[in-house]
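Here is the structure we will look at, set down as structure tokens.
The values are calculated or read from the model by the stated rules, or taken from the named source; none is laboratory data. Values in this document were obtained by computation on a predicted structure and should not be read as measured data. When we count neighbours, we look across all protein chains shown, and the Cβ atoms used for this are built from the backbone with ideal geometry, even at glycine. To get the accessible areas, we keep the full protein, side chains included, count just its heavy atoms, and leave off ligands, DNA and RNA. Shrake-Rupley method; radii C 1.70, N 1.55, O 1.52, S 1.80 Å.
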Amino acid sequence: MTAVDTFEVYAPTRVMFGRGSVTRLPEAVSGLGKKALLFTYGDDSMRASGTLDKVTDLLVQAGVSVTVDEGVEPNPDSEYVDRMSQSARKEDYSFVIGLGGGSAIDVAKAVAIVSVNKTSVLEYLPGGKNPFMEGVKNALPIVAIPTTAGTGSEVTHIAVISDRRHHYKPGMVHSSLYPTVSIVDPELMLTVPPGVTASTGADVLFHAMEAYISRGANPWTDMIAREAIRLTVENLEKAYRNGSDIKARTNMAWACTLAGIPLDQANVVAIHALGQGISGHTNAAHGSTMAALGPAYLRYTYKANPARYAQVAEWLGEPRDGSSDMELAEKSSETLRKFLARVDLDITASSLGVTEEMIPAIAKEAFLLLQPLMDCCLVELSEKDAQEIVRMSM
Ligand SMILES: [Fe+2]
């Protein structure tokens, strides 16, 4: 059942998890130096919730001087990363902090490595001079403080930066992009609005589910993916309906951190590759693109490995009722759609702004920019297949 029987177990980030764990920030940054650069959103949400002040006060208590940049936007782009890296170079920061959702953490990661290497982030993106990041100097230490339960960036060595010149939204990968320490405090997630709770929660589900139906899956990532899916199925709707349900928030925060590991180690598949393309073209929220594409992908590919797709259907709540793997696998698409409907994410790609004219480019870019993800699909897909999956999602 397992795709590979030789694998490596690696998750080097120190994770401080639990309610109130942000107060451990002084302990977390001890030994990382005395001058930090912190990235967060510019929409005031971190100020309004008091989180930004709490974090900067704790850093001051720890004797760390901190410069705050509140310029992070959803789907952060290369221009912003380059501008920030250039100014960071002059200041000799000892570490970088990302406070917010995946965008803030990924900007922190990108600046932590680009500033040290005195270059442009474009060099490391597909089409750049060094997309495999060979011979680059290690990033400055990275501290991640997620305030949404979504990307799992707190435990991955991936940073996703958009190249707006081409509508591209590729990722860069380097071993020094694992955060040195991540503080995952569900209390920081209580003010996340329902729509964002749903789309980021869907992202958690897709990291775990796609990693389970990836060629990169191994017994370790399967075990973690299973638990992440279980927690998401039990808690996402609760967190969506009642944002102050701390138990549901805590379980989703843990599901997110867990799902980051299979995402990082087993890789995700075409749903993410095509979803990144959709975000690049329409600026749609990452998790929503997964929700739009997921059911079509399962329907198109379930015959590739009925046992695994059947397992996914069961975890999503489909009773086995004496069905064969193939029967259950066939239902996986509809079961996923029903689950997503519980958080109002039974949506189409066209509702996200995708047009028929965009489809060939979205399919082409998935191969051009995220070939490793396309290679991880359990069935070999052509560009035409990829187009068809997007079309079925419209
Ligand atoms: Fe994702």
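For residues that are under 24 Å from Thr191 (Cα atoms) and part of a loop (DSSP other than H, G, I, E, B), scanning just segment 24-56, find the one that is least open to solvent (accessible area, probe 1.4 Å). Among those residues, the one meeting the criterion is Gly50. On inspection, Arg89 fails the criterion of being away from the ligand (no atom under 16 Å from the Cβ), closer than 21 Å to Ile278 by Cβ and of a type outside the set (Asp, Glu).
Just one of the numbered conditions (1) in contact (Cβ under 8 Å) with a residue 60 or more places away in the chain; (2) in a helix (DSSP H, G or I); (3) out of contact with any Pro (no Cβ under 9 Å at 6 or more places or on another chain) is not true of Gly317: (2). Within segment 347-356, the only residue that satisfies the criterion of being within 20 Å of the chain's Cα centre (by Cα) and open to solvent by 40 Å² or more (accessible area, probe 1.4 Å) is Ile347.
Taken together, the residues in segment 326-371 that are touching a helix residue (DSSP H, G or I) at 6+ places or on another chain (Cβ under 9 Å) and assigned to a helix (DSSP H, G or I) amount to 31. Look at Thr221 and say whether it is more than 11 Å from the ligand (Cβ to nearest atom) and either outside the structural domain of Glu318 (by TED's automatic domain parsing) or out of contact with any Cys (no Cβ under 7 Å at 6 or more places or on another chain) (or both). Judged against the criteria, Thr221 is a match.
Within segment 124-140, the set of residues being touching a Pro at 6+ places or on another chain (Cβ under 8 Å) and either open to solvent by 10 Å² or more (accessible area, probe 1.4 Å) or within 16 Å of the ligand (Cβ to nearest atom) (or both) comprises Pro126 only. Checking each residue of segment 99-118 against the condition of being in contact with a Ser or Thr (Cβ under 7 Å, 6 or more places away or on another chain), modelled with pLDDT of 95 or more and in a loop (DSSP other than H, G, I, E, B) gives at least one match.
Only one of Val96, Val111, Val81 is within 22 Å of the chain's Cα centre (by Cα), in contact (Cβ under 8 Å) with a residue 12 or more places away in the chain and farther than 15 Å from Pro141 by Cα; which? The conditions single out Val81. Scanning segment 159-183 for residues that are open to solvent by 40 Å² or more (accessible area, probe 1.4 Å) and modelled with pLDDT of 80 or more yields Val173, Ser175, Thr180.
Pairs linking a residue in segment 185-205 that is closer than 17 Å to Ser45 by Cα to a residue that is within 14 Å of the ligand (Cβ to nearest atom) and not aliphatic (A, V, I, L, M), with Cβ atoms under 7 Å and 6 or more positions apart or on different chains, are Met189/Thr148; Val192/Thr148; Val196/Thr148; Thr200/Gly101; Thr200/Thr148; Thr200/Gly150; Thr200/Gly287. Listed by first and then second residue, the pairs with beta-carbon distance under 7 Å, at least 6 apart or on different chains, first residue in segment 33-46 and of a type in the set (Phe, Trp, Tyr), second open to solvent by 10 Å² or more (accessible area, probe 1.4 Å), are Phe39/Asp69; Tyr41/Glu70. Out of segment 182-213, which residues are within 13 Å of the ligand (Cβ to nearest atom) and either of a type outside the set (Val, Ile, Thr) or outside any helix (DSSP H, G or I) (or both)? If the condition is that a residue be within 13 Å of the ligand (Cβ to nearest atom) and either of a type outside the set (Val, Ile, Thr) or outside any helix (DSSP H, G or I) (or both), then Ser199, Gly201, Ala202, Asp203, Leu205, Phe206, His207, Ala208, Met209, Glu210, Ala211 are the ones that fit.
Among the residues of segment 242-288 satisfying the criterion of being among the small types (Gly, Ala, Ser) and within 12 Å of the ligand (Cβ to nearest atom), which is surrounded by the fewest Cβ atoms within 10 Å (Cβ to Cβ)? Going through the qualifying residues, I end up with Ala285.
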